[in-house]
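We did not get these values from a lab; they are worked out from the coordinates using the rules stated. On a predicted model such as this, the values are computed, not experimentally measured, just so you know. In this analysis, Cβ positions are derived from the backbone assuming ideal geometry, glycine residues included, and neighbour counts consider all displayed protein chains.
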Amino acid sequence: MIPDRTPVGRGVYHATAEVAKGAHVPNFQKYKELYLQSIQNPEEFWGKIAKEYYWKTPNTGSFLDYNFDVTKGNIYIKWLEGATTNLCYNVLDRNVNEKKLGDKIAYYWEGNEPGDCMQVTYKGLLQQVCKFANVLRAQGVKKGDRISIYMPMMIELVVAMLACARIGVIHSIVFAGFSSESLCERILDSHCSILITADGFFRGDKFVNLKQIADEALRKCRERNYTVGKCIVAKHLGLTEDTLIDEASTCPQSPAAKRSCYNLQAPWNADVDIWWHELMKDASDECEPEWCDAEDPLFILYTSGSTGKPKGVQHTVGGYLLYTATTFKYVFDYKPDDVYWCTADIGWITGHSYLAYGPLANGATSVMFEGLPTYPCVSRFWEIIDKYKVTTFYTAPTAIRLLMKYGEEPVKRFSRESLKILGTVGEPINPEAWLWYYNVVGNRRCPIMDTFWQTETGGHMMTPLPAAIPLKPGSATFPFFGVVPAILNESGEELEGEAEGYLVFKRPWPSIMRTLYGNHERFESTYFKKFPGYFVTGDGCRRDGDGYYWITGRIDDMLNVSGHLLSTAEVESALLEDAAVAEAAVVSHPHPVKGECLYCFVTLRDGHEFTKTLVAELKAKVREKIGPIATPDYIQNAPGLPKTRSGKIMRRVLRHIARNERDLGDTSTLADETVIEELFSNRCRTL
Ligand code: WT7
């Protein structure tokens, strides 16, 4: 329960008077009042918010209809079913025509190279989106079709996703750091008819030949009897006029950006490949939106699943709009003059919800950054904050820990005086990193919004609000409006007061996922089976004496590397593809920057030797199969693995060995004790 009085005491951080001035939710009492309204009368609460958006036809049937209990039938969730709208219309046309924000900057785009920048207004974005929506329609796609988008952080990525939303096409964005195999797997799972990609890009010093990887993915699809009809290629290299999205507003001091010296470095297949800019040349900039049901699918986004096969999380138009727009407004206490910067890539849910849809729905100005926090120097973030006078900065604990290593000087070189609110997401933030973020980056003026949520939840679930909720470093504090958390014990009983256990949610919020694409059964069994009647997050959680929630991390076979989930199973199956590997077991190991990293145990087949070359080969294999984020930090030779008598690998024991912890806990089910000593003596030297 939420306490009656504002929490106070040692280690509790309160908002400054400046933050509280004019805040949407000025104090704890107001938060509690709004929270109770949202719980006691969701229809009234969300209905009022829905009125701020455009509906072609209003909702007439039930406002919310759902079943969360597998024992009573199929799981379903429906918000505002029967109402029709269009998400793209709401985030663009509505802002341009009704709110008169046409000339407002939607995005300041900042490239990998300092000074390589451009900007696009709401009007400019609407125009590009309409043109590209017409391009897609001319390619024959229609409502309900799926399109894969595999692009770097360029404005055309936002254009492509919004164009899909405009014509009712379901976008499936695949992070441009994923491998050809991962892209292929995702295209096949969702049967995408078109792939949209780019020629290539730079990540820091490193050139990524994206078109070549995309080609490989399409070849792999064909080998598995699936052909993608068209591949639309946006030109990001070679700074020609065609690449400029909003020519008139291009940064005046446009430098000789590195990307301008490069051109396409992959073969061109005229049967399949088409240049984005050629298609756009003659496209009309008027495009009637497709009016969609609130419950029509908006997008699919893949996330790792504990079986190793990625899950296509499906979100819908109406609820997702309401929830991302509302969380953005309250959690970042959004004001019209703010300049907001979320450093996440659009290829992840954070980018979908809080770089694209949420900010755009509010008519906000955002920074979109293509580059890295450490390139060309470790001050890059702070330099960009000063350059655009960023007020609201949202990043990941892993980035904070990375930058902390370089000390305060690179931060203090820049004023950061525009900053008002800070945010983090992706994994639990350790108090040390929290305090550095608060004291050094925010000069003790800026509250930190530690937002707990998931790809599956679509938007923030547990989060502070800047002026209303006092902070405790490392706690995601309290539930957002409409969210009803509970902590369960192993037998599924709800725990009251101070407690630790499984974090679950008791009823639907508007942006909860509706299904896993093409696999409703897996949706039900993953999220609703363990504890009937609840949505199960897979995270552990503790509630303290003041009612604050502390996320303790995953309690399934998932790892969180730099804020991104990976499953042990998918890494193991990549390792097992190597002819030398007979058995593999992967566990997480703490990492000072990434949070967690991968520690792999491999048992070799007879006749193979454990050499440095093999280790390098295995690391490359995982990287190639899944992508660079999955690259293992440690691979250890394991002539034998600890197993139960029934043959199950005891990953819990391996986790202790990886960490060099001699206390293994209960080992009574272990079939063969002798493997343990050998594993300890073969340990990799870890950080
Ligand atoms: C998992 C979801 C939501 C966008 C980024 C990741 C962990 C996320 C926090 C936080 C503690 C967090 C959880 C969650 N997580 N935010 N503020 N505090 N843990 O999306 O890949 O779907 O991962 O990230 O373990 O289940 P995702």
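Near K235, the amide H atoms lying under 5 Å from its own belong to W276, H277; only residues 5 or more places off or on other chains count, and H is placed 1.01 Å from N. The amide H of I194, built 1.01 Å from its N in the peptide plane, has S148 as neighbours under 5 Å, considering only residues 5 or more places off or on other chains. Ordering S260, S366, S62, S562 by the number of other Cβ atoms within 10 Å of each residue's own Cβ, fewest first, gives S62, S260, S562, S366.
Simple spin-label estimate for I2 and T674 gives 6.2 nm between the two label positions (7 Å along the Cα-to-Cβ direction from each Cα). For the range 593-607, 3J(HN,Hα) computed residue by residue from phi via the Karplus equation (6.51, -1.76, 1.60; θ = phi - 60°) reads 10, 6, x, 10, 9, 9, 10, 10, 10, 10, 9, 8, 6, 4, x Hz, glycine and proline entered as x. By the gyration tensor of its Cα atoms, with a ≥ b ≥ c the square roots of the eigenvalues, what is the shape of the chain: rounded for a/c under 1.5, prolate for a/b over b/c, or oblate? Cα axes put the chain in the rounded bin.
Once you've got the Cα coordinates, tell me which of K21/K335; K389/K412; K230/K258; K387/K412; K258/K281 are over 19 Å apart. With Cα atoms farther than 19 Å apart: K230/K258; K258/K281.
For the chain, a simple Cβ point-charge model (Lys and Arg +1, Asp and Glu -1, everything else neutral) yields a dipole of about 680 debye relative to the Cα centre.
Using 0.36 nm per residue and subtracting the Cα-Cα separation, the extra length available between E609 and K529 on full extension is 24.4 nm. A cut-off of 5 Å between modelled amide H atoms, ignoring neighbours fewer than 5 places along the same chain, links F201 with V208, L210.
Label point of K51 set 7 angstrom out along Cα-Cβ; within the range 286-328, amide nitrogens under 20 Å from it belong to 318-319, 321-327.
Judged by the ratio a/c of the largest to the smallest principal axis of the C-alpha gyration tensor, the range 48-117 counts as oblate, that ratio being 1.5 or greater while a/b is no larger than b/c. Note that the range 13-20 has calculated 3J(HN,Hα) couplings of 9, 9, 5, 6, 4, 5, 5, 6 Hz, one per residue in order, obtained from phi through the Karplus relation 6.51 cos²θ - 1.76 cosθ + 1.60 (θ = phi - 60°); glycine and proline are x.
Can you bin the range 343-394 into rounded, prolate or oblate? Criterion: square roots of the alpha carbon gyration tensor eigenvalues sorted a ≥ b ≥ c, rounded for a/c under 1.5, prolate for a/b above b/c, oblate for the rest. Verdict is oblate for the range 343-394. Taking the Cα centre of the range 386-537 as reference, the dipole from Cβ charges on Lys and Arg (+1) and Asp and Glu (-1) amounts to some 780 debye. Each residue of the range 358-375 was assigned a 3J(HN,Hα) from its phi angle through the Karplus curve 6.51 cos²θ - 1.76 cosθ + 1.60 (θ = phi - 60°); the sequence is x, x, 5, 4, 8, x, 7, 9, 10, 9, 10, 10, 7, x, 10, x, 10, 10 Hz, with glycine and proline shown as x.
Among Y388, L188, G607, whose Cα sits farthest toward the positive end of the charge dipole of the chain (+1 at Cβ of Lys/Arg, -1 at Cβ of Asp/Glu, about the Cα centre)? In the chain, that residue is Y388. Within the shell of other residues whose beta carbon sits under 10 angstrom from the beta carbon of C117, the net charge comes to -3, with Lys and Arg scored +1 and Asp and Glu -1. Stokes-Einstein at 10 °C, 1.306 mPa s, Kirkwood radius from Cα pairs: D for the range 1-107 in µm² s⁻¹? Rounded to a whole number, D works out at 89 µm²/s. How charged is the neighbourhood of R659? Take every other residue with its Cβ under 14 Å from the Cβ of R659, and add Lys/Arg as +1 and Asp/Glu as -1. Once all neighbours under 14 Å are counted, the net charge is +2. In this label model, L576 and K389 are separated by 5.8 nm, measuring between points 7 Å along each Cα→Cβ vector. For T316, what is the net charge nearby, where nearby means another residue's Cβ is under 15 Å from its Cβ and Lys, Arg count +1, Asp, Glu -1? That works out to -3. Beyond a 21 Å Cα-Cα separation, which of these cross-linked pairs lie in this structure: K99/K235; K309/K625; K123/K420; K99/K123; K206/K311; K311/K530? Listed pairs above 21 Å: K99/K235; K123/K420; K206/K311.
Multiplying the residue separation of T71 and T667 by 0.36 nm and subtracting their alpha-carbon distance yields 211.0 nm. The equivalent ellipsoid that matches the C-alpha gyration tensor of the range 427-493 spans semi-axes of 25, 14, 11 angstrom, in descending order. The translational diffusion coefficient of the range 499-568, from Stokes-Einstein at 20 °C and 1.002 mPa s with a Kirkwood hydrodynamic radius over alpha carbon pairs, comes to 158 µm²/s.
The length gained on full extension between R224 and T60, counted as 0.36 nm times the residue separation minus their Cα-Cα distance, comes to 54.5 nm.
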